[in-house]
Every structure is written in structure tokens, then in C-alpha cells.
Amino acid sequence: MADVEVEHKAINEPPTGGQPLTGAEAPAGREALVVGEPLVIGEPLAGGKLLSAISTSIVRILREHYGRGPMKAKTYVLDDIIVVVMRGSGFTPLEKTIMDSGQPDRVIAMREDFQRVRAARYKETIQRLTGRGVLAFLSQAHVEPDITMEIFFVDGPLQGFGAIEVIEPE
């Protein structure tokens, strides 16, 4: 599996004209991720650029809704499966209070509910970045250690990320 590690940064969507945003043009309070060449709409992503774009896009969604995101995000692609692993999700003060009261399962349930509510946005993001339809989206959170996984099954293999399928002969 190929992977790229991105430390808590978010990329900005390029404007519809196809011109990428630079760090200087990023809206106040938003960071631009500098990874080689900038992301341009219409330009197919592959390899490390695709992995980085997926990681930072998923982190951006979390930051928009929780006010914070994970400290690290790493994306793995194998054939038609995309796995985003986030560590140090940065629980909110409310979530920490609930966990400290001995009810971490309530925090996990709340985060799972959030993922269900935002599933369409996650799927649209993956479809936009990969050009593939998302067949299934799974999400799992763990409190200690603080790890969250977003798993996407897409409608075909992604270029450059392979696997060997063994089929039992009949």
C-alpha cells in the first residue's frame, strides 16, 4: 500500500477558473498545503498528490464541523479501497468531559452519528478527487488510542494502486 502523511494542514479548494490558491491567497484562518505542484481543477490526481488531497480534504471537513481536526492523517489506497487513518483527533472539551465521566462510548456514538449525517459530503469529496463512484463508506472511531478511520469502496481500481485477487476455481 502507498501512503502519504500530512500533519494537520488543510488545502483550499481552487476557484472554478482552475487557478490554484497559494498560501498567501488562502482565506484568513485557513492554511494552504504545499505539496509539489498545486491542485488544479480538471487535472487528474494520482500517486502522492491524490493521497495528500484525500487526507487534507477529509481533515478539512472535520475542522469545519468540530473546530479542530486530527494531528495526523494518512491515506492508503489499495485497488478499489481507500482508507484514511487519522490520529489525535483532538476531542472537544465537551467530548473530553463525557469521556472523563466514564462514558467514552457516548462520544464514539456521537461521532458515528456525525459521520452518517455527513456521509454524502465525504462521498462527494472522494468522487471529485478520484473520478470514481463511492459504493460504500464506513467510519470507525476509537478513544484510546485516539484513532479514526474513514474507509471508502469505489467502483473501480485507482490507477497506480494495485492488488492481486485470488478466485477459487469452481
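Only the coordinates and a few stated rules stand behind these numbers; no lab work does. No experiment lies behind these values; they were computed from the predicted model shown. With ideal geometry, Cβ positions are generated from the backbone for all residues, glycine too; neighbour counts draw on all protein chains shown.
What does the extension gain come out to for R128 and V166, with contour length at 0.36 nm per residue minus their alpha carbon separation?
Gain on stretching R128 to V166: 10.7 nm.
Going by average Cβ density within 10 Å per residue, which order do the peptides 131-142, 146-157 take, highest to lowest?
Top to bottom by mean Cβ count within 10 Å: 146-157, 131-142.
Can you tell me the length gained on complete extension of the stretch Q159 to E144, counting 0.36 nm per residue apart and subtracting the Cα distance?
1.9 nm
Which of the peptides 84-97, 109-122 is most tightly packed, and how do the rest follow, judged by the mean count of other Cβ atoms within 10 Å per residue?
Per-residue Cβ counts within 10 Å, averaged per peptide and sorted highest first, yield 84-97, 109-122.
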